[in-house]
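Below is one structure, written out as structure tokens; the observations come after it.
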Amino acid sequence: MKTDIILSGVGGQGILSIAAVIGEAALKEGLYMKQAEVHGMSQRGGDVQSGLRLSDRPVASDLIPKGQADLIISLEPMESLRYLPYLKQEGWVVTGSQPYLNIPDYPDMEEIKAELGRLPHSVALDAEQIATEAGSVRAANIVILGAATPFIGIEYAKIEEGIRSIFRRKGEDVVQLNLRALRAGLDAAGRITVNH
Amino acid sequence: MGKHLFLGDEAIAQAAIDAGLSGVYAYPGTPSTEITEYIQDSDMAKSRGIRSKWCVNEKTALEAALGMSYAGKRALCCMKHVGLNVAADCFMNAAMSGVNGGLIIVTADDPSMHSSQNEQDNRVLGNFAMIPMLEPSNQQEAYDMVYGGFEMSERLGYPVLLRITTRMAHSRAGVETRPVKPQRPVSFPADGKQRFILLPVNARRRFRALLKAQETFALESETSPYNTYFDAPNREVGIITCGIGFNYIAENYPDGPEHPTLKICQYPLPRKQIEQLAATCREILVLEEGYPVVEELLRGIAGGDRSLTVHGRLDGTLPRDGELTPDIVGKTLGKDVGACYDVPGVVAQRPPCLCAGCGHRDLYSALNEVAGEYEGARVFSDIGCYTLGALPPFQAIDSCIDMGASITMAKGAADAGVFPAVSVIGDSTFTHSGMTGLLDCVNEQTPVTIIISDNETTAMTGGQDSAGTGRLEAICLGIGVEPEHLHVMTPLKKNYEEMKRIIRREIEYRGVSVLIPRRECIQSLKRKHTAKK
Ligand SMILES: Cc1ncc(C[n+]2csc(CCOP(=O)(O)OP(=O)(O)O)c2C)c(N)n1
């Protein structure tokens, strides 16, 4: 088993919580992993990225080589495209569809959609909306994670365990909210993929 | 004990705690910050009474760490690469005095400058000080090196420099921890006065001792478990890797290196193994993260081995700048690597920016208007979130060089006749290295307008305590700023007119003025708010 995942978004959107949940699940599975994060300067509203590598053999490089990622999980549509050079030919892109507008020259959404549509495998979903319905917009990142669960290579139940242990400190309500968000993301992606 | 998912920084921190640390001394700086934060948050560190508060700057940090080592205890000092420039005086001279309790100095270098002004390779400074250096290739090694590093430092009698780079510091991996060791009691060095009083008579003796110790350090490197020679069938080219460079070889040869490979993680260089590699292969490829330190040594200038061809950053085999990546290394090894997709043209740049609601924004809005009234206005700035004032929409500053330089550069420019010469500096940067420059200005009554944009935290690096919070006015007055030219204001839109009036008036004052726009960092506010919930 070997899955290379790029997580992307805008500083402050919560890609590191996604990484933490998958990391926790991978650890429970006894997998090897490396996860390279970017801290510092780039966090102030700039683009952020983290590479997550899971394998049943030791992982050498902290960085994912170009053309090797099985999956891009992005919290923002334009940011999902920024890392395409890392994606495998047959890789998946799972992204939030709501643009994060903090720059003056944000491109036309239709063009972004068209680019996503050109890829063999992509899902874009309105994570904010789905998270709000699940209980709080703050779980939007976990909605996206839910939508990506079929491509991670770790059983869904293990990802749920990851959520339990990462959010336990914040109380049972937060755990339940995130479990609902995870499921809602998975369901929504299923509907979209079928229609695709 | 057990297996944990640790950032490289966290592995270092936990290792230090497990190794009987008594104090960590540090000033924040990406990518080193999480080492100290981990120790500050650790219950185990608390129960062991490990000292861990932030220091005013890297120099005070290293000096205090050396003091703790002098008193026989184990000390850790952490900084980003440019921090070692600030601490360099103590660093060079601690190599002369040597240590008593184990002392590990961590330098977190930032090749590719993800969050830094330069990409200096502090192995050069390690060589300059002539002390042993460790450079882990993975998180487990980072743990093990620190766990054993204090004893190494005590055994050799010298500080040890641990060099990491961004990808080591900020990448997470599983790490096996080891049994906890006891902390050390206070004990003084038997020959303390001969070692720690660096009068010329002692210093000469100490320098000879340091020169002599080089043999021991080299022997340590040659027998170090961290320097490993892998033999392999394809002897056309031999490979030397430093630190995490090895991982990119392992990535490209998952079943083991195909070329004889020397993995170097401890310095000074292990001569014996390098000679062995050179005797085996007539071409050597050097993969090092940072400057071509090893490559340059191998090449020599005159008298080098002419029949040996060395490839690396100097002959264009690898780019001269920037961090190594698996792609760059793969391409060099002739592997079929590359992207299947390009970045689509629609993707726009998304540079970092000042947060909505940040006080620095309001300062720059007001300052820009006033500065615009003067043709020759120059705004010397400094390092912190407020450096983002360089970008649109503000484009408010003219310089950012090194911590504290805003005040002294404004002074030099004012001396040259620039008017108005304005300095914009953050509160933490001011106490780090701005106070001394302010004294220079006061002593000469230089016409400068110094703005300390006070968000009551060290925001850029994640909101650490700022050393002067609550005392900036007292500090400035103590240095000799005239009370009538020291103003505190609240940077808010509704106060623009008043802010502008004060800025204008103080620019017109031909002496030293200090303005302190003060409003809590919006991110700290948010954090406090969530913590309460
Ligand atoms: C010598 C040195 N040490 C540390 C750093 C890392 N660093 C950059 S900005 C900064 C914080 C500045 O804080 P402050 O001046 O209060 O400004 P703020 O970010 O809060 O606006 C630090 C620690 C550095 N660049 N140089």
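Okay, here's what the table says:
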{"item": "Segment A:104-131, residues that are under 14 Å from A:V93 (Cα atoms), of a type in the set (A, V, I, L, M, F, W, C) and open to solvent by 40 Å² or more (accessible area, probe 1.4 Å)", "result": "A:A114, A:A124"}
{"item": "Only one of B:T408, B:T431, B:T449, B:T387 that is more than 16 Å from the ligand (Cβ to nearest atom) and crowded, with 19+ Cβ neighbours inside 10 Å", "result": "B:T449"}
{"item": "First in segment B:64-86 and aromatic (F, W, Y), second anywhere and surrounded by 24 or more Cβ atoms within 10 Å (Cβ to Cβ), Cβ under 9 Å, 6 or more apart", "result": "B:Y70/B:S97; B:Y70/B:V99; B:Y70/B:N100; B:Y70/B:G101"}
{"item": "Subset of segment B:323-348 (residues that are more than 7 Å from chain A (Cβ to nearest Cβ) and either out of contact with any Gly (no Cβ under 9 Å at 6 or more places or on another chain) or more than 30 Å from B:I244 (Cα to Cα) (or both))", "result": "B:T332, B:L333, B:G334, B:K335, B:G345"}
{"item": "Search result, residues across segment B:110-142 that are open to solvent by less than 10 Å² (accessible area, probe 1.4 Å), within 14 Å of chain A (Cβ to nearest Cβ) and within 16 Å of the ligand (Cβ to nearest atom)", "result": "B:D110, B:P111"}
{"item": "All positions within segment B:495-523 that are among the β-branched types (V, I, T) and closer than 16 Å to B:S423 by Cβ", "result": "B:I502, B:I503, B:I507, B:V512, B:V514, B:I516"}
{"item": "Subset of segment A:94-116 [within 22 Å of A:D4 (Cα to Cα), more than 10 Å from every other protein chain (Cβ to nearest Cβ) and not hydroxyl-bearing (S, T, Y)]", "result": "A:V94, A:G96"}
{"item": "Test: B:M92 is away from the ligand (no atom under 16 Å from the Cβ) and open to solvent by 40 Å² or more (accessible area, probe 1.4 Å)", "result": "yes"}
{"item": "Subset of segment B:143-183 that is of a type in the set (F, W, Y) and crowded, with 24+ Cβ neighbours inside 10 Å - its residue that is nearest to B:Y248 (Cα to Cα)", "result": "B:Y143"}
{"item": "Residue match in segment B:368-380 (condition: within 12 Å of chain A (Cβ to nearest Cβ), within 16 Å of the ligand (Cβ to nearest atom) and touching a residue at least 12 places away in the same chain (Cβ under 8 Å))", "result": "no"}
{"item": "Elements of type helices (runs of 4 or more DSSP H) in segment A:88-160, at least 2 residues being polar (S, T, N, Q) and under 12 Å from A:G185 (Cβ atoms)", "result": "none"}
{"item": "Residue check for B:A232: part of a helix (DSSP H, G or I) and either away from chain A (no Cβ under 14 Å) or modelled with pLDDT under 95 (or both)", "result": "no"}
{"item": "Flag for B:R313 being among the charged types (D, E, K, R) and away from every other protein chain (no Cβ under 14 Å)", "result": "yes"}
{"item": "Hey, B:V82 open to solvent by 30 Å² or more (accessible area, probe 1.4 Å), within 12 Å of the ligand (Cβ to nearest atom) and closer than 24 Å to B:S115 by Cβ or not", "result": "no"}
{"item": "Residue match in segment A:40-53 (condition: in contact with a strand residue (DSSP E or B) (Cβ under 8 Å, 6 or more places away or on another chain), more than 8 Å from chain B (Cβ to nearest Cβ) and in a loop (DSSP other than H, G, I, E, B))", "result": "no"}
{"item": "B:D415 over 19 Å from B:V370 (Cα atoms), among the charged types (D, E, K, R), over 22 Å from the mean Cα position of the chain (by Cα) and modelled with pLDDT of 95 or more", "result": "yes"}
{"item": "Of residues in segment B:458-486 being more than 14 Å from chain A (Cβ to nearest Cβ) and either open to solvent by less than 30 Å² (accessible area, probe 1.4 Å) or of a type in the set (F, W, Y) (or both), the one farthest from the ligand (Cβ to nearest atom)", "result": "B:H485"}
{"item": "Some residue of segment B:227-245 being at positive phi, outside the structural domain of B:M92 (by TED's automatic domain parsing) and open to solvent by 10 Å² or more (accessible area, probe 1.4 Å)", "result": "no"}
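The values are calculated or read from the model by the stated rules, or taken from the named source; none is laboratory data. Note that the structure is a prediction, hence the values are computed from the model and not measured. Cβ sites come from the backbone with ideal geometry, for glycine too, and all protein chains shown count toward neighbours. Please note that ligands, DNA and RNA were not included when accessible areas were found on the heavy atoms of the full protein model with its side chains. Shrake-Rupley method; radii C 1.70, N 1.55, O 1.52, S 1.80 Å.
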